[in-house]
Amino acid sequence: MDDTNDVKKTVEGINHAGDYGTTPVPIGSRKGIFSLSMVTAGFTISMSGLFTGAALAQGLSLRNAIIANILGNIIICLYSGSIAAIGAKYGVSASMLSREAFGRKGAKIIGLIIAITLTGWYSAQCGFFGQTINTLFPNGGFLTSVRVAALWGGILMMLTAIFGFKGLQYLSNFGIPILIAVSAYGIYLSVGNVGNGQMTFNVNTPITLVQGVVMAVGSFAVGGVIQADISRYARSIKDSWISTGVGFLFGNIFIISAGIIMIKATGDGNLPSAMVKVGLGGLGLFVLMIAQWTTNDNNLYSSSLGILHLIPNVKKSTITAILGAVATLIGAAGFYIYFIPFLTTLGSIIPPIAGVIIADYYLIKKKYDFSKDAKYASWNISSFISIILGALVGIYVKQGISSVNAIASALITQYILIKLFNDKLIIPSSITKSE
């Protein structure tokens, strides 16, 4: 069965906002596996992955750290791939997918949650970028001071996001192969140092294997939910699964492993310092810059897609520029540290969104419609009950993996509520056009 049939039947609409932000991506504009895989790998290969590896290295043996890394990424790949497949089938973003599960007005709330969370983390990552540059070059002067580096770093990351998927594609095609090569060289240097007896593998603050898996999943729990923002450009469901697998089962596993091995080899819990110690020097700076850039521009890209559903008549590039400018200034000023707890709490709502969409599509409806005459409910109350319950489970249940608990509980709750109450928790809408 051709899994693009539903896309071909979709009336594709006019691309008013740019980058098909509010309409399905036409078949003729879809990308090949290589481009999709590079963009997904660029999204997953991040500075946070290196730091996750560093944290795992300090709490687990080398063997268990690698096992936790692999298990965590298998979990992320499974649920993000499930969302990505729907995005690929219909050519729509994560925010647009939520119209079916949450209703037209409900989807605006979901888009706003995604936008605030990812824009907030964009500003935080700008601040972390500035700190990393300053750590690597403490005597570099004005350009490597924390706030100035955060400012120019934020501007760089914003530029590719403004150009939409093409910007992400060009940067990833250029940066990812080089980043992988340099990271592999860092692993080679680390293993060489250990082989020469210069370094030892120490566990500083022991954690359990389950806690390690929780950390690995948590490193990209939110990113996995918005995978449809990339996979909507896939030519088939198969291509979306392959590119998602490349991103998580190769890209994210690789970059976390690089962090693990460099920390283990040096015994230094400070990742930039460890990269210098293994001999990467300026190459270490390049790794951190590209890893941060290829991920954070995706954060801004998905944020603008979320806002686009609130103000669909504004160009996506304009929304991206405004969000990026504001977030960069917040990151450079250091104000982001005051709302990280808020972002963390808000981010706990995003994994349950995946559970609701998975239940709604795979278990209940099994077919979506994004044609120009598609009719959506205004609100689906059961979906919001499900994500609230899922978020509470994720936050307060300490056993298992928090994000997985949140997704599973939201999925089960959504299925039960729909089966018990059918349409009683749905507020209908008389609007027929999807815009």
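The values are calculated or read from the model by the stated rules, or taken from the named source; none is laboratory data. The structure displayed is predicted, hence computed values, not measured ones. Note that each Cβ is placed from the backbone with ideal geometry, even for glycine, and that neighbours are counted across all protein chains shown.
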For segment 89-109, name all the residues that are under 18 Å from residue 311 (Cα atoms) and charged (D, E, K, R).
99, 104, 105, 108
From 251, 212, residue being more than 30 Å from residue 93 (Cα to Cα) and modelled with pLDDT of 80 or more:
212
Does segment 263-274 contain at least one residue that is crowded, with 24+ Cβ neighbours inside 10 Å, modelled with pLDDT of 80 or more and under 24 Å from residue 121 (Cβ atoms)?
yes
From the set of residues in segment 229-252 that are within 14 Å of residue 86 (Cβ to Cβ) and small (Gly, Ala, Ser), which is nearest to the chain's Cα centre (by Cα)?
231
How many residues are under 20 Å from the mean Cα position of the chain (by Cα) and not polar (S, T, N, Q) if we restrict to segment 384-410?
11
What helices (runs of 4 or more DSSP H) lie completely within segment 313-409 and have 3 or more residues being crowded, with 24+ Cβ neighbours inside 10 Å and hydroxyl-bearing (Ser, Thr, Tyr)?
381-396
Would you check which residues across segment 275-290 are more than 13 Å from residue 179 (Cβ to Cβ) and at pLDDT below 75 and list them?
281, 282
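Every residue in segment 125-141 that is among the hydrophobic types (A, V, I, L, M, F, W, C), at pLDDT below 85 and assigned to a helix (DSSP H, G or I), please. Spell out the reasoning first.
Pass one, segment 125-141, residues among the hydrophobic types (A, V, I, L, M, F, W, C): 126, 128-129, 133, 136-137.
Subsequent filtering for residues that are at pLDDT below 85 retains 128-129, 133, 136-137.
Once the filter is applied, which keeps residues that are among the hydrophobic types (A, V, I, L, M, F, W, C), at pLDDT below 85 and assigned to a helix (DSSP H, G or I), segment 125-141 yields 128, 129, 133, 136.
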State whether one or more residues within segment 316-329 are modelled with pLDDT under 90 and of a type in the set (D, E, K, R).
yes
Which of the residues that make up segment 410-435 are surrounded by 14 or more Cβ atoms within 10 Å (Cβ to Cβ), modelled with pLDDT under 90 and not β-branched (Val, Ile, Thr)?
425, 429, 434
Just the residues that are surrounded by fewer than 24 Cβ atoms within 10 Å (Cβ to Cβ) and of a type in the set (Gly, Ala, Ser), please, taken from segment 56-75.
59, 61
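Inside segment 310-323, can you point out the residues that are of a type in the set (A, V, I, L, M) and touching a residue at least 12 places away in the same chain (Cβ under 8 Å)?
310, 314, 319, 321, 323, listed by residue number.
Restricting segment 125-144 to residues that are under 20 Å from residue 115 (Cα atoms) and not hydrophobic (A, V, I, L, M, F, W, C), which is surrounded by the fewest Cβ atoms within 10 Å (Cβ to Cβ)?
127
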Among the listed residues 82, 183, which satisfies the condition of being surrounded by fewer than 24 Cβ atoms within 10 Å (Cβ to Cβ) and hydroxyl-bearing (Ser, Thr, Tyr)?
82
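Residues checked against (1) assigned to a helix (DSSP H, G or I); (2) more than 19 Å from the chain's Cα centre (by Cα); (3) over 17 Å from residue 366 (Cα atoms):
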| residue | (1), (2), (3) |
| --- | --- |
| 76 | yes, no, yes |
| 82 | yes, no, no |
| 86 | yes, no, no |
| 95 | yes, no, yes |
| 101 | yes, yes, no |
| 105 | yes, yes, yes |
| 115 | yes, no, yes |
Listed by first then second residue, the pairs whose first member lies in segment 282-309 and is over 15 Å from residue 321 (Cβ atoms), whose partner is surrounded by fewer than 24 Cβ atoms within 10 Å (Cβ to Cβ) and among the basic types (Lys, Arg), with beta carbons under 7 Å and at least 6 positions apart or on separate chains, are 309/108
Give the residues of segment 145-178 that are surrounded by 18 or more Cβ atoms within 10 Å (Cβ to Cβ) and polar (S, T, N, Q), sorted by residue number.
160, 169, 172
Taking segment 293-312 as the search range and keeping residues that are surrounded by 18 or more Cβ atoms within 10 Å (Cβ to Cβ) and farther than 22 Å from residue 45 by Cα, which one is modelled with the lowest pLDDT?
309
Restricting the search to segment 136-148, which residues are in contact (Cβ under 8 Å) with a residue 12 or more places away in the chain and either more than 18 Å from residue 273 (Cα to Cα) or β-branched (Val, Ile, Thr) (or both)?
146, 147, 148
